[in-house]
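Read the structure below first, then the notes.
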Amino acid sequence: MDKDLKYTYDKNNEMIIDNCNTLSLAKKYGSPLYVVSESILRNRCQLFSDIMKELYPNSIISYASKAFCCKAIYNLIKEYNFACDVVSGGEIFTTIKAKFNPEKIYFHGNNKTLDEIKFALKNKIYNFVVDNVDELETLENLVKSSKLLENKINILVRVNPGVEAHTHEYIQTSKTDSKFGINIESGEAEKFILRVCQNTKLNFMGLHYHIGSQIFDVKPFGLAAKKVMEFVSMLKKKHNIDVKILNSGGGYGVWYTNKDPNLKDEDYKKFIKAVVVEVKKAVSKDNLVEPTLVIEPGRSLICEAGFTLYTVGNIKEIKGVRKYVSIDGGMFENPRYALYQAEYTAVKCKTENKKTEKVTIVGKCCESGDCIIKDAKIEKLEKGDVIAVLSTGAYNYSMASNYNRNPVPPVVLLNKGKSRVIVKGQTYNDLIKYDL
Ligand SMILES: Cc1ncc(COP(=O)(O)O)c(C=O)c1O
């Protein structure tokens with residue numbers, strides 16, 4: 001499969017993803033249906049591996065589990081020697097069941113509960129990305145008394161470099177208003193790190209930062225890295241503290257609609273290069289220990305590999321106002337429009353060269369905000385048509401809910417004409433399983 005071509009149409013005008021016919025998939029597995037192209041996902045895994053090998057071999061790619069967490073995906077990324085980040089007991093549990101090497105797991109989050117922390121340590125996860133003073137205090141108390149600990153806890157401190165970026169815009173600020181991380185500019189991060197270093201049972205390893213998501217501009221990556229490396233140099237000069245690991249987060253943009261650039265391999269390389277240049281510059285200028293560079297992509301690995309198939313149901317036209325096309329899914333399996341007006345592209349799985357129309361594709365939930373695409377431009381749809389929404393691999397399945405007691409659909413992995421279920425669809429019985 002051509003790696004820039006995410007889907008094609010066959011001679012019958014039927015949509016093909018990873019050599020699988022989408023209409024046959026909808027028939028076999030039902031709809032709504034999440035499908036993930038293994039070939040596209042593997043291409044992205046390979047791309048990031050190649051980029052890091054070339055630009056900065058002393059590096060780790062850590063998959064941001066939050067984008068899409070299940071055992072099969074962990075098994076796949078293990079093949080590329082990736083690490084992963086987790087932010088909850090549930091994600092930790094899934095890594096354990098996928099036999100993910102605990103040494104390659106980074107435990108993130110602004111409010112890890114004590115139970116989750118103990119659960120991580122019990123399962124030999126010792127890499128903690130510490131987010132705030134309260135969390136540090138919890139860890140300090142724990143290491144004082146705990147029998148759980150065979151090893152020291154490795155600490156990465158999540159810092160705010162004062163650069164925040166989303167899509168095409170970024171801002172620089174010295175007073176970061178974020179629930180995540182510790183401010184560099186105010187001196188809090190410095191104090192925090194000194195406190196970590198004083199504790200003999202905690203192992204200060206380095207820093208973590210993440211400037212945002214869906215970023216297309218190279219500049220904020222370089223700018224944030226520069227600010228963080230200035231801080232790293234200061235730690236060395238003033239306190240002789242070495243930063244052995246530098247985790248620069250994820251956030252590389254992906255294509256959802258034609259408003260987004262269709263990034264090429266070279267573009268992803270530029271994002272990472274912007275960071276690498278700043279790291280290398282500071283290392284040689286200030287004679288620093290070369291840190292292991294961690295990148296943490298989520299969306300850019302899996303988003304464009306994912307598609308959701310739906311069947312069109314009722315269609316309602318309000319003359320002169322809007323045409324609503326209801327599908328058999330909705331905010332329970334893709335809440336991103338409802339959450340933050342995320343935009344998507346839909347295509348018909350069998351094209352008949354009908355006229356393109358402007359319609360609003362809505363879900364079946366009892367919420368006016370339950371929309372998948374407002375003002376979609378798509379070939380005229382009729383009841384029973386199957387459509388595919390593109391780029392749904394990230395933050396769809398992982399954000400699904402049972403709103404209106406809708407079962408979460410299955411996830412099917414496609415690979416060169418073969419398909420297999422990697423997450424079973426929920427049944428109605430699953431929905432009442434915990435009702436007493
Ligand atoms: C700390 C951290 N790392 C990595 C990511 C992954 O970001 P993306 O999926 O945009 O690459 C996120 C996303 O929110 C994050 O919060």
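The numbers here are math on the coordinates, done by the rules we state, and not lab data. Quick caveat, the model's predicted, so the values are computed rather than measured. Every residue, glycine as well, gets a Cβ built from its backbone with ideal geometry; the counts of neighbours run over all protein chains shown.
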Subject >> segment 68-102 and segment 242-277: distance between their alpha carbon centers, rounded to Å >> reply: 22 Å
Subject >> Among beta bridges that DSSP assigns inside segment 108-297, antiparallel share in %, nearest 5 >> reply: 15 percent
Original post:
So in segment 134-213, what percent of DSSP beta bridges are antiparallel if you round to the nearest 5?
Top reply: 35 percent
**OP:** Give me the number: length gained by fully extending LYS201 to LYS281, i.e. 0.36 nm times residue separation minus the C-alpha to C-alpha distance, one decimal in nm.
**Re:** 25.6 nm
**OP:** Give the peptides 307-320, 326-339 in descending order of average Cβ contacts within 10 Å, highest first.
**Re:** 326-339, 307-320
Subject >> Separation of alpha-carbon centers, segment 206-235 and segment 301-336, rounded to whole Å >> reply: 37 Å
Original post:
Between VAL218 and LYS71, what is the label-to-label distance in nm when each label sits 7 Å out along the Cα-to-Cβ direction?
Top reply: 4.3 nm
Original post:
Over all Cα pairs of the chain, how is the pair count split among 20 Å bins, expressed in % and running from 0 up to the last occupied bin?
Top reply: 25, 53, 21, 1
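Dividing the alpha-carbon Rg of segment 108-297 by 2.2 N^0.38 Å yields what?
Here the Cα radius of gyration is 1.06 times the empirical estimate.
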Subject >> Sequence-separation-based contact order of segment 321-436, relative, with Cα cut under 8 Å and 6+ spacing, percent >> reply: 27 percent
Original post:
What number, in percent, do you get for the relative contact order of segment 108-297 if the mean sequence gap of Cα pairs under 8 Å and at least 6 apart is divided by its residue count?
Top reply: 19 percent
**OP:** Once you've got the Cα coordinates, tell me which of LYS179/LYS281; LYS53/LYS269; LYS53/LYS237 are over 22 Å apart.
**Re:** LYS179/LYS281; LYS53/LYS237
Original post:
Taking LYS152 as the anchor, which lysines have their alpha carbon closer than 23 Å to its alpha carbon, excluding any fewer than eight residues away along the same chain?
Top reply: LYS99, LYS104, LYS112, LYS118, LYS122, LYS124, LYS144, LYS191, LYS201, LYS236, LYS244
Subject >> Simple label model, 7 Å out from Cα along Cβ direction - LYS144 to GLN46, nm >> reply: 5.4 nm
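What is the chain's relative contact order, in percent, from Cα pairs under 8 angstrom and six or more apart in sequence?
So the answer I get is 19 percent.
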Subject >> FRET efficiency for LYS418 and LEU55, using Cβ-Cβ distance with R0 set to 45 Å, rounded to 0.05 >> reply: 0.85
Original post:
Given 0.36 nm per residue, what is the gain on full extension from ASP375 to MET234 after removing their alpha carbon distance, in nm?
Top reply: 45.6 nm
Original post:
How far is it, in nm, from the label point at LYS319 to the one at HIS166 when both lie 7 Å from their Cα along the line to the Cβ?
Top reply: 4.1 nm
Original post:
Across segment 277-292, in residue order, what do the Karplus-derived ³J(HN,Hα) couplings come to in whole Hz, using 6.51 cos²θ - 1.76 cosθ + 1.60 with θ = phi - 60° and x for Gly and Pro?
Top reply: 4, 5, 5, 5, 4, 5, 4, 6, 5, 10, 6, 8, 5, 5, x, 5
**OP:** With a Förster radius of 56 Å, plug the Cβ-Cβ distance of LEU5 and ASN151 into 1/(1 + (r/R0)^6) and report the FRET value to the nearest 0.05.
**Re:** 0.75
**OP:** Assuming R0 = 41 Å, can you tell me the calculated FRET efficiency for the pair THR351 and TYR80, based on Cβ-Cβ distance, to the nearest 0.05?
**Re:** 0.70
**OP:** Rounded to the nearest 10 degrees, what's the angle between the helix 133-145 long axis and the longest principal axis of the chain, both from Cα atoms, 0 to 90?
**Re:** 60 degrees
Subject >> DSSP beta bridges in the chain [antiparallel fraction, %, rounded to 5] >> reply: 50 percent
**OP:** With a bin width of 5 angstrom, please list the P(r) values of segment 197-272 as percents of all Cα-Cα pairs, from the 0 bin to the one holding the largest distance.
**Re:** 3, 14, 20, 18, 14, 11, 8, 6, 4, 2, 0
Original post:
Which ³J(HN,Hα) values in Hz, rounded to whole numbers, follow from the phi angles of segment 346-355 under the Karplus curve 6.51 cos²θ - 1.76 cosθ + 1.60, where θ = phi - 60° and Gly and Pro get x?
Top reply: 10, 9, 7, 7, 10, 8, 10, 6, 7, 5
Subject >> ALA64 long-range amide H proximity, modeled H, under 5 Å >> reply: ASP85, GLY298
Original post:
What are the residues whose amide H is under 5 Å from the amide H of VAL163, where those residues sit 5 or more places off or on another chain and H is modelled from the backbone?
Top reply: THR173
Subject >> Nonlocal amide H pairs with SER146, under 5 Å, H built at 1.01 Å >> reply: none
**OP:** Return the whole-Å distance between the Cα centroid of segment 134-194 and the Cα centroid of segment 394-408.
**Re:** 31 Å
Original post:
Going by how many other Cβ atoms sit within 10 Å of their own, how do TYR397, TYR63 line up, fewest first?
Top reply: TYR397, TYR63
Original post:
To the nearest 10 degrees, how steep is helix 38-55 against the longest Cα principal axis of the chain, on a 0 to 90 scale?
Top reply: 30 degrees
**OP:** For segment 220-229, take each phi angle, set θ = phi - 60°, evaluate the Karplus expression 6.51 cos²θ - 1.76 cosθ + 1.60, and give the result in whole Hz per residue in order, putting x for glycine and proline.
**Re:** x, 5, x, 4, 5, 4, 4, 5, 5, 5
